[in-house]
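Participant: Quick one: this structure, given as structure tokens, is what I'll be asking you about.
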Amino acid sequence: MSSPFLQMTQIGKSFGNIPVLRRVSFDLQKAEVHALMGGNGAGKSTLMKILTGVYTKDAGTISIGGQTVDITDTAASERAGIAMIFQEFSLVPTLTVAQNIWLGREPRLPGTPFINNAAMVRQSRLILQELGVDIDPEALVGSLPVGFMQIVEIAKALSKRARILVMDEPTSSLSEAETEALFELVRKLKASGISIVYISHRMAEILTICDRVTVMRDGETVMTEPCAGLSVARIVEAMLGAGHSTSFEWQDRGDRPTVPPILQVRNLRLPSRVQDVSFDIRPGEIVGLAGLMGSGRTEIAETIFGRRAAVSGEVIFDGQPLRGQADAIERGIALVPEDRRKMGLVLDHSVRDNVLLPNLARFTRHFFVRDGEALKTVNGTIRDLKIKTDGPDKLSRLLSGGNQQKIVLGKWLARDPRLLILDEPTIGVDIGAKSEIVATVRAMADRGMAVLVISSELEELMAISDRILVLHGGRITQDLNRRTVASEEELHHAIQGHGHRAVDAVPA
Amino acid sequence: MQSKATATGRLMPSLPDIQWQNYVVYIFFVVVLGFFAVMIGDKGFLSVTNLFNIARTTAMITVIAVAMTFIISAGELDLSVGSTTALAALVCALVMQAGYAWPLAVVAAIASGLAVGLLNGVFVTMIGIPSFLVTLGMMQFIRGLDMRVTYTNPISITNQTYNGLFGSGYVFGVPSLLIWSVVIALLGHVVLKYTGFGREILATGGNRQAAEYSGIKTRRVKFYAFLLSGAAAALAGMLYAGMMQTARFNFGEGAELMAIAAVILGGTSLFGGKGTILGTFAGSLLIGTINNGLIIMGLDVSEQMMISGAIIIVAVAFGKKPGA
């Protein structure tokens, strides 16, 4: 191998007297896509924050192109040709694509303080053309689909002549097609000599797009290997440490044909894409709902939960039609929404207050909240779900993604729901927390809770579901017993609307 | 960004983080009190009469600010409270002038405050207009109504039972205004901190969407907050009327801004989700103490305003969390 383009050697970093990085080394070849993996708290974001100048290192050296560079702040990192690609949050939605790309560095009309709009648009168009994407530089960023925003970010980085891009979970909010397009772009960037650090929790993705993988654990690099010939199991083992078992393997939980269904969705038609959807879920059953992004999965979940009204059709729970969200919650339906930071948590409130939120009525007597009683439940939740927090009063903002998701799950499990709906339950959650969440859900289902899981990660649906419903074109096109689905590819095909199979079971 | 906090927060579980920013209002209060004690202690600043005086003059702001803490914690704003104090004072005085018993006047005054709160609540929660605009318009409208109702003439209140209870009187040597503000602050503290409604207010302001998804009826919660604010403004108006033994159209001018300043000084987040009534009480007392001290120091009104304005900015700046 040639000498690396970027070389981070023996990087050390402590916060207070707690070491976060212990002599970590990481290198990046020219035109390489290098995956950086690790559980939350493994140190990968700290390492990248040192590279991008958010933090300064305590020890070690960084060299780029053979020259030692001193990255003291974000500006120095930018000068060294390093750019962090944020998903969408660092763009101003009310400005145009070109205005965003050149924000703060707008070209001027010669000899004047006025912005040279024509030049700005022209140069943006050039960069976008080079990237091979059809985005109008004069379109407002707010009007673009999410997938395009990331591309604008990349264009912005290239306009600053970045040679190293750091991409953090770049596909977490992208649809299948957008992900494909992004991969295409990554390959193109690579061909033009750009090096990419690719942070993701998604194994399949990494094995598809990356050249090498580095896994970090507890502030150290535990593995750096070429992707070719590497197995998912090997990566998981490196992330969790040897001898760690994972629940992320499918378990046959058997059929329950005799139990009457607890949830019956009948001919549901929604204002969105959903045309005519019917299905049943029985107590103790874990049902996966697969479909493309935008196929109406979330809308179906929110309709069952009573947050949306159907155009026609009905949702029957335990023999009675549902009447709105209060009724749904009252009768034991829980929804873990897709965006935990926006819809799941009050981030500036403590773990305790968040867990209590849907349980307030239960702990309130004569207007007053029984805090002592409530605390027992909260501590139980923290213990049962293995939420890593200093205590119940820690702000949920300060917890990692996996632990935040456990709070959202925990606040509903504290109600002992009869139907739990999980919408993208493990986005941005590391593999350790992921297996714990899956194990918890499985244990609750074993005790009779019905579960509906929505996920864009087929791997996850394959791991957890007893049955998988495929939503396509506004209808449930297939109802698959998990036992009969041989591979992710098969499921993938079904979601795309190919290869119709005979529907296994039509709800009566 | 909160990135630094996230990293350190996760990795340093054992270090107790004392956030002195949360106590800025108390620190400032002690400092200001100490400053005045040294400077003008000999001019009667520390006398019981003067301290009671501070309590009396801040009572109205305190009462309004307690309700404002609920409004701001729920992520809203109520600018109409100042005009509402005058409305309630006038209603109260007019009902008594018409010969009805004072309890009836009190009920009518509270009802007028509730009516304003109800209108605000309807416009904000049912029609969906931002509270800043609704209550800005309402502030103007009600002030106009205040002027119209008596053609700007003051109405004096001669009922001494009323005046004693609401403003001028003493109970065991303690001014009734002080008792009112302490009772209201304690009540507010208990409701915000220990009741389901209080939690719902904070959750609504902290993240309305997450609260909704958790089954909190956030529009109802905000509606109640506006009712509360209207009622509190009415009480403040009655206290003011009781103290002055009269009601005037210009009562409570600028009170809404003083109340907001007290709330923010006390450590409540202007963005909602985090509120403290005890902080608000201290914030209100701080403003009152500054004004009182500057008067005793013999400063001109213009100078008083400049200094108290500057102190508010400095105190809020000190209370700001680094990087937040």
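Participant: Could you tell me which numbered condition A:Ile11 fails, if it satisfies all but one of (1) within 14 Å of another protein chain (Cβ to nearest Cβ); (2) not in a loop (DSSP other than H, G, I, E, B)?
Facilitator: (1)
Participant: Pairs please, first residue from the stretch A:97-110 and touching a residue at least 40 places away in the same chain (Cβ under 8 Å), second anywhere and small (Gly, Ala, Ser) and part of a helix (DSSP H, G or I), Cβ atoms under 6 Å, 6+ apart in sequence or on different chains.
Facilitator: Cβ pairs passing all conditions: A:Ala98/A:Ser124; A:Ile101/A:Ser124; A:Ile101/A:Ala155; A:Ile101/A:Ser159.
Participant: Can I ask one more? Could you please tell me which pairs satisfy a Cβ distance under 9 Å, a separation of 6+ or placement on different chains, a first residue in the stretch A:273-294 that is more than 21 Å from A:Ser175 (Cα to Cα), and a second residue that is part of a loop (DSSP other than H, G, I, E, B) and of a type in the set (Asp, Glu)?
Facilitator: So the pair list comes out as A:Gly284/A:Asp466; A:Glu285/A:Asp255; A:Glu285/A:Asp466; A:Ile286/A:Asp466; A:Val287/A:Asp466.
Participant: Is it the case that A:Glu180 is in contact (Cβ under 8 Å) with a residue 40 or more places away in the chain, more than 25 Å from A:Ala76 (Cα to Cα) and either in contact with a helix residue (DSSP H, G or I) (Cβ under 8 Å, 6 or more places away or on another chain) or assigned to a helix (DSSP H, G or I) (or both)? Give the steps one after another, and end with the answer.
Facilitator: Working: in contact (Cβ under 8 Å) with a residue 40 or more places away in the chain: no; more than 25 Å from A:Ala76 (Cα to Cα): yes; either in contact with a helix residue (DSSP H, G or I) (Cβ under 8 Å, 6 or more places away or on another chain) or assigned to a helix (DSSP H, G or I) (or both): yes.
Spelling it out, it is not the case that A:Glu180 is in contact (Cβ under 8 Å) with a residue 40 or more places away in the chain, more than 25 Å from A:Ala76 (Cα to Cα) and either in contact with a helix residue (DSSP H, G or I) (Cβ under 8 Å, 6 or more places away or on another chain) or assigned to a helix (DSSP H, G or I) (or both).
Participant: Mind checking whether some residue in the stretch A:342-352 is hydrophobic (A, V, I, L, M, F, W, C), farther than 22 Å from A:Arg269 by Cα, away from every other protein chain (no Cβ under 12 Å) and without any contact (Cβ under 8 Å) to a residue 60 or more places away in the chain? Explain how you work it out, then say what you get.
Facilitator: If we filter the stretch A:342-352 for residues that are hydrophobic (A, V, I, L, M, F, W, C), which is where we start, we get A:343, A:345-347, A:351.
Still in the running and farther than 22 Å from A:Arg269 by Cα: A:343, A:345-347, A:351.
Going one step further and asking which of them are away from every other protein chain (no Cβ under 12 Å), we end up with A:351.
Filter once more, so that each one left must be without any contact (Cβ under 8 Å) to a residue 60 or more places away in the chain: A:351.
Yes, because at least one residue in the stretch A:342-352 is hydrophobic (A, V, I, L, M, F, W, C), farther than 22 Å from A:Arg269 by Cα, away from every other protein chain (no Cβ under 12 Å) and without any contact (Cβ under 8 Å) to a residue 60 or more places away in the chain.
Participant: Quick one: in the stretch A:10-49, of everything that is out of contact with any strand residue (DSSP E or B) (no Cβ under 9 Å at 6 or more places or on another chain) and among the hydrophobic types (A, V, I, L, M, F, W, C), which residue is modelled with the lowest pLDDT?
Facilitator: A:Ile18
Participant: Here's another thing I want to ask about it. If B:Ala259 passes every condition in (1) over 23 Å from B:Leu114 (Cα atoms); (2) under 14 Å from the mean Cα position of the chain (by Cα) but one, which one does it miss?
Facilitator: Failed condition: (1).
Participant: Oh, and also: Checking the conditions here, which among A:Thr56, A:Thr72 is within 14 Å of chain B (Cβ to nearest Cβ), surrounded by fewer than 20 Cβ atoms within 10 Å (Cβ to Cβ) and at pLDDT 90 or above? Please lay out each step first, then the result.
Facilitator: Working: A:Thr72 fails: within 14 Å of chain B (Cβ to nearest Cβ).
Criteria check complete, one pass: A:Thr56.
Participant: With the requirement that a residue be under 30 Å from the mean Cα position of the chain (by Cα), among the charged types (D, E, K, R) and part of a loop (DSSP other than H, G, I, E, B), what does the stretch A:68-108 give you?
Facilitator: Listed by number, the residues that qualify are A:Asp73, A:Glu88.
Participant: Going residue by residue through the stretch A:329-340, is there one that turns out to be crowded, with 20+ Cβ neighbours inside 10 Å and under 21 Å from B:Leu192 (Cβ atoms)? Give the derivation first.
Facilitator: Filtering the stretch A:329-340 for residues crowded, with 20+ Cβ neighbours inside 10 Å gives A:329, A:333-338, A:340.
Among the residues that remain, those that are also under 21 Å from B:Leu192 (Cβ atoms) are: none.
No, the stretch A:329-340 has no match at all.
Participant: How many residues are in contact with a His (Cβ under 6 Å, 6 or more places away or on another chain) and within 15 Å of A:Glu220 (Cβ to Cβ) if we restrict to the stretch A:24-43?
Facilitator: Step one: filter the stretch A:24-43 for residues in contact with a His (Cβ under 6 Å, 6 or more places away or on another chain), giving A:28.
Next, only the ones that are within 15 Å of A:Glu220 (Cβ to Cβ) stay: none.
Selection size over the stretch A:24-43: 0.
Participant: Evaluate the following for A:Ile82: is it of a type in the set (A, V, I, L, M, F, W, C) and more than 21 Å from A:Val222 (Cβ to Cβ)? Give the steps one after another, and end with the answer.
Facilitator: Details: of a type in the set (A, V, I, L, M, F, W, C): yes; more than 21 Å from A:Val222 (Cβ to Cβ): yes.
For A:Ile82, the condition - of a type in the set (A, V, I, L, M, F, W, C) and more than 21 Å from A:Val222 (Cβ to Cβ) - is met.
Participant: Mind listing just one residue for me: the one in the stretch B:35-85 that is free of Cβ contacts under 8 Å to residues at least 12 places away in the same chain and either among the β-branched types (Val, Ile, Thr) or buried (at least 24 other Cβ atoms within 10 Å of the Cβ) (or both) and, of those, farthest from B:Ala203 (Cα to Cα)?
Facilitator: Out of the qualifying residues, it is B:Val38.
The values are calculated or read from the model by the stated rules, or taken from the named source; none is laboratory data. Model, not experiment: these values are computed from the prediction. Note that each Cβ is placed from the backbone with ideal geometry, even for glycine, and that neighbours are counted across all protein chains shown.
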